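Below is one structure; the comments refer to it alone.
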Amino acid sequence: MKLFVVQILKNSIIAMFFILINSKAMFLFAQQVIQKDTSYTIHSEYLKQQRKYPEITIVKSDTTNHTISEIPNIVYNKKNNRPLHLDAYYNKSKEKLTAVFLIHGGGWKSGNKSMLAPLAQSICKKGYQCFAIEYRLSDEVQYPQSIDDILEAITFVKKEAAKFSIDTSKTVILGCSSGGQMASLIGTKFPDKFQAIVNLDGVLAFHHPESKEGKLAAQWLGGTYEEKPEIWQEASALSHVNENTPPILFVNSQFERFHAGRDDMIQILNQYHIYNQIKQIENSPHTFWLFHPWFNETTICITQFLDKISKSNP
C-alpha cells in the first residue's frame, strides 16, 4: 500500500513538473506573439474617405496580367523565430533592371505590404523590379529596428540580383505616409545605396512648424519630443540631407502636415543642384495612392520620374 501511494506521489510530482514546463513555454510563446494592429486597412480607409470623396473606388490588384512574375511572402530574415517577408513583382528580363523597394504606411503602427500590390504592379509593368517589404511595427519594436529590417530586406534582394534581374547600382526607395518618412530617412542616411527617393506624403521633419506628429510618432520613437528630442531630430530625413543626397520626388496631397520639412529640404537640395520634383495631387485624400481617380496620375508621375533618373543624369 505504501509503495502504491509513493508511486502515485511520484507520478503527481512528474505531472506537475511537465505542466510547469509547458506553462512556461506557453507563456514565453505568448510573449513573442504580438497582436497586430489592423486599424489601417484599405477597407477602413475607404470607409473613412468615402464620406468626403464619394466618387472614389479602391484600386484592385491586377490578377489577369501575366507579363510580370509575382512571388509573395519571401522570407528575408528571421528574428527570435519571427519571420519577416517581402513580396516580389518582377519582369523576366535578360537585361538588369532598376529595383524599387516599397514601404507601406500606417503610422509606424499598422498597415501591411499587401496594400502596395497595385502600385508595385503598375510600376513593374513599366520596366522596374519591385519589392514590397514587411517590417516590424511599433507595437513590436521601436526606432531604429524597423529601419534595420528594411535595410536587411534590401541587402537580401541584392544578394538575389541574378534571380530577380536587378542592377544593384540602380536602387530606388519609395514609401507612402509613414513609409514615405522611413524611405526618405533611409535614402538620406545611406545615400550611396540609392539612385533615387520617392516620397508619397511622408513627413521630412518630426518637430517642425508644419508637423502635427504626436502619439503615433512618440510610440515609434520611444518617447515624446520633450522626452527624446535627439531621437526625433535623428529620425528626421531633413537632419541628414546634404550634397550626397540622391534625387527625390515628392508626391503630395494638399495637407501641409504630411510634407512637413519638404520646402526646407528642397532649399538644401537646390543649393547642391540635386534634382528634385514636386507633384501635387489636387483635391485628394492623404491616401490618394490607394484609390481611383488619383491612382493613375500618381503612377504616371512616379514612372516618368524614374525613367528620367534611370535613363539620364539630371
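The values are calculated or read from the model by the stated rules, or taken from the named source; none is laboratory data. Please read these numbers as outputs of a predicted model, since none were measured by experiment. Please note: Cβ atoms are built from the backbone with ideal geometry, for glycine as well, and neighbour counts cover all protein chains shown. The protein model used for the area step is the full one, side chains on, heavy atoms only, and it has no ligands, DNA or RNA in it. Shrake-Rupley method; radii C 1.70, N 1.55, O 1.52, S 1.80 Å.
Looking only at residues that are in contact with an Asp or Glu (Cβ under 9 Å, 6 or more places away or on another chain) and in a helix (DSSP H, G or I) in region 142-168, which one is nearest to G179 (Cα to Cα)?
Taking region 142-168 and keeping what is in contact with an Asp or Glu (Cβ under 9 Å, 6 or more places away or on another chain), we get 143-144, 146, 149, 153, 161, 165-167.
Okay, now just the ones that are also in a helix (DSSP H, G or I), so 146, 149, 153, 161.
Numbers: S146: 11, D149: 13, A153: 15, A161: 24 Å.
Ranking the qualifying residues of region 142-168, first place goes to S146.
Would you pick out the residues in region 162-201 that are open to solvent by 10 Å² or more (accessible area, probe 1.4 Å) and of a type in the set (A, V, I, L, M)?
In the first step, residues of region 162-201 are kept if they are open to solvent by 10 Å² or more (accessible area, probe 1.4 Å); the result is 162-163, 165, 167-170, 177, 189-195.
Answer for region 162-201, where residues must be open to solvent by 10 Å² or more (accessible area, probe 1.4 Å) and of a type in the set (A, V, I, L, M): just A162.
Within the set of pairs 6+ apart or on separate chains, which have a first residue in region 72-84 that is open to solvent by less than 90 Å² (accessible area, probe 1.4 Å), a second that is assigned to a strand (DSSP E or B) and polar (S, T, N, Q), and C-beta atoms under 6 Å apart?
The qualifying pairs are L84/N77.
What pairs come up if the first residue lies in region 174-186 and is in contact (Cβ under 8 Å) with a residue 60 or more places away in the chain and in a loop (DSSP other than H, G, I, E, B), the second is among the charged types (D, E, K, R) and crowded, with 24+ Cβ neighbours inside 10 Å, and their beta carbons are under 6 Å apart, counting only those six or more places apart or on different chains?
Every condition considered, the pairs that remain are S177/D201.
Out of the residues in region 59-71 meeting the condition of being part of a loop (DSSP other than H, G, I, E, B) and of a type in the set (D, E, K, R), tell me which one is surrounded by the fewest Cβ atoms within 10 Å (Cβ to Cβ).
Of all residues in region 59-71, those part of a loop (DSSP other than H, G, I, E, B) come to 59-68.
Right, trim to of a type in the set (D, E, K, R) and you get 60, 62.
Working: K60: 10, D62: 16.
Ranking the qualifying residues of region 59-71, first place goes to K60.
Please verify whether region 85-103 includes one or more residues that are in a helix (DSSP H, G or I) and buried (at least 23 other Cβ atoms within 10 Å of the Cβ). Write out each step before concluding.
Pass one, region 85-103, residues in a helix (DSSP H, G or I): none.
Checked against the condition, which is being in a helix (DSSP H, G or I) and buried (at least 23 other Cβ atoms within 10 Å of the Cβ), region 85-103 yields no hits at all.
Is it the case, given these coordinates, that E234 is in contact with an Asp or Glu (Cβ under 8 Å, 6 or more places away or on another chain), open to solvent by 10 Å² or more (accessible area, probe 1.4 Å) and either within 15 Å of Q142 (Cα to Cα) or modelled with pLDDT under 95 (or both)?
Values: in contact with an Asp or Glu (Cβ under 8 Å, 6 or more places away or on another chain): no; open to solvent by 10 Å² or more (accessible area, probe 1.4 Å): yes; either within 15 Å of Q142 (Cα to Cα) or modelled with pLDDT under 95 (or both): yes.
Here the answer is no, as E234 does not meet what is asked.
Any residue in region 222-233 that is closer than 24 Å to K308 by Cβ, in contact with a Leu (Cβ under 8 Å, 6 or more places away or on another chain) and not polar (S, T, N, Q)? Give the derivation first.
Start the filter on region 222-233 by keeping residues that are closer than 24 Å to K308 by Cβ, which leaves none.
The answer is no, given that none of the residues of region 222-233 is closer than 24 Å to K308 by Cβ, in contact with a Leu (Cβ under 8 Å, 6 or more places away or on another chain) and not polar (S, T, N, Q).
Somewhere in region 197-212, is a residue touching a Cys at 6+ places or on another chain (Cβ under 6 Å) and aliphatic (A, V, I, L, M)?
Yes, there is a match, as at least one residue in region 197-212 is touching a Cys at 6+ places or on another chain (Cβ under 6 Å) and aliphatic (A, V, I, L, M).
Six or more apart or on different chains, Cβ under 7 Å: which pairs go from a residue in region 102-121 that's without any contact (Cβ under 8 Å) to a residue 60 or more places away in the chain to one that's surrounded by fewer than 19 Cβ atoms within 10 Å (Cβ to Cβ) and among the polar types (S, T, N, Q)? Could you list them?
A117/S61
Just for region 144-161: of the residues that are more than 14 Å from A88 (Cα to Cα) and acidic (D, E), which one is surrounded by the most Cβ atoms within 10 Å (Cβ to Cβ)?
That would be D149.
If you go through region 112-141, how many residues are among the small types (G, A, S) and part of a helix (DSSP H, G or I)? So that I can check it myself, show each step before the final result.
The initial filter retains those residues of region 112-141 that are among the small types (G, A, S), namely 114, 117, 120, 122, 127, 132, 138.
So of that shortlist, the ones also part of a helix (DSSP H, G or I) come out as 114, 117, 120, 122.
Residues in region 112-141 being among the small types (G, A, S) and part of a helix (DSSP H, G or I): 4 in total.
Could you run through region 240-298 and say how many residues are assigned to a loop (DSSP other than H, G, I, E, B), under 26 Å from G214 (Cα atoms) and open to solvent by less than 10 Å² (accessible area, probe 1.4 Å)?
Residues in region 240-298 being assigned to a loop (DSSP other than H, G, I, E, B), under 26 Å from G214 (Cα atoms) and open to solvent by less than 10 Å² (accessible area, probe 1.4 Å): 7 in total.
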